[in-house]
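All of the numbers you see were taken from the coordinates with simple rules; none came from a lab. Just so it is clear, the structure is predicted and the values come from calculations on it, not from any experiment. Ideal geometry is used to build each Cβ from the backbone, glycine not excepted, and the neighbour counts take in all protein chains shown.
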Amino acid sequence: MLPCVDALEFRVKEPKLRDIFDQDAELYERARPRYPASLVEELVRVAGAGPGVRVLEIAAGTGKLTVDLAGSGCSITAVEIGPNMAAVARRQLAEFPGVEVVVAAFEQWELPPEPFDAVVCATAFHWLDPAVRMPRAARALRPGGLLGVVATHHVAGGTEDFFAEVQECYERWDPATPPGFRPTRESDLATDRTEFTGSPHFTGVAVHGHPQEITYTTDGYIDLLLTYSNHRALPEAARNGLLADIRELIDSRYDGVVTKRYWHELITAVRVGT
């Protein structure tokens with residue numbers, strides 16, 4: 001992701017922005033990375049995922065996490081608001097008969113009478129209605145069941161000079177971009193657990209981080225940026241100018257290759273009750 005994306009999110013975050021991802025589901029599947037194996041392994045372990053375990057995945061997208069989670073043998077109901085994203089997810093998950101993909105918004109989806117053993121959501125929890133996401137996730141879980149939320153941060157690392165220089169591109173094409181913005185180092189991230197620790201429905205909140213660095217060609221990086229809602233929401237002229245400048249920067253100063261660092265946090269909590 002771009003270095004100034006957090007700033008842009010503050011400016012253009014609207015309820016309909018989460019629908020933008022559905023505009024090009026094939027690009028999303030091609031450009032967005034999978035999650036680190038260490039994160040998947042931890043989630044499978046703490047959720048006890050395996051044959052006979054029922055998992056609800058919220059906002060599954062094209063199945064980036066679902067495919068790896070399904071490999072544990074658990075059954076999964078994946079709820080995804082975008083019909084195009086859901087269609088790609090069904091294709092990606094065709095070899096797993098225990099996975100069902102449902103097109104719906106989690107906030108309005110009718111929960112089944114039998115609660116799930118685990119509820120997971122990867123890099124999408126922030127798109128859900130904050131007034132209902134915690135209590136509704138709790139309603140979907142059996143007592144003692146696990147809530148697992150993945151938060152993805154775009155942090156300092158990789159080709160650091162590029163992420164400093166590219167800020168000028170954003171300042172040029174979007175006057176609302178904070179001047180001098182730089183990605184935060186993962187060691188300086190202060191994860192806010194208040195929503196989890198303050199919920200009467202959950203206990204045992206824990207957070208573990210998993211790093212990932214991915215190297216992109218110019219085309220691959222531009223494709224990645226086009227999967228971010230805040231880029232797609234820019235006026236066409238500004239978006240095209242921004243992407244052209246970034247392409248020129250990568251090609252002319254970085255030989256057509258840049259490396260980006262991600263920090264994925266797995267936040268887990270246990271449903272209270274017996």
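Structure summary
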| quantity | calculated |
| --- | --- |
| Residue match in segment 208-224 (condition: at negative phi, aliphatic (A, V, I, L, M) and outside any helix (DSSP H, G or I)) | yes |
| One residue from A176, A206, A238, A269 being in contact with a strand residue (DSSP E or B) (Cβ under 7 Å, 6 or more places away or on another chain), hydrophobic (A, V, I, L, M, F, W, C), surrounded by fewer than 16 Cβ atoms within 10 Å (Cβ to Cβ) and in contact (Cβ under 8 Å) with a residue 60 or more places away in the chain | A206 |
| Segment 103-135, subset hydrophobic (A, V, I, L, M, F, W, C), part of a strand (DSSP E or B) and under 29 Å from V207 (Cβ atoms), residue nearest to the chain's Cα centre (by Cα) | A122 |
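Residue-wise test of (1) touching a residue at least 24 places away in the same chain (Cβ under 8 Å); (2) buried (at least 16 other Cβ atoms within 10 Å of the Cβ).
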residue	(1), (2)
F106	yes, yes
E110	no, no
V119	yes, yes
T123	yes, yes
V132	yes, no
R136	yes, yes
R139	yes, no
G148	yes, yes
H154	yes, yes
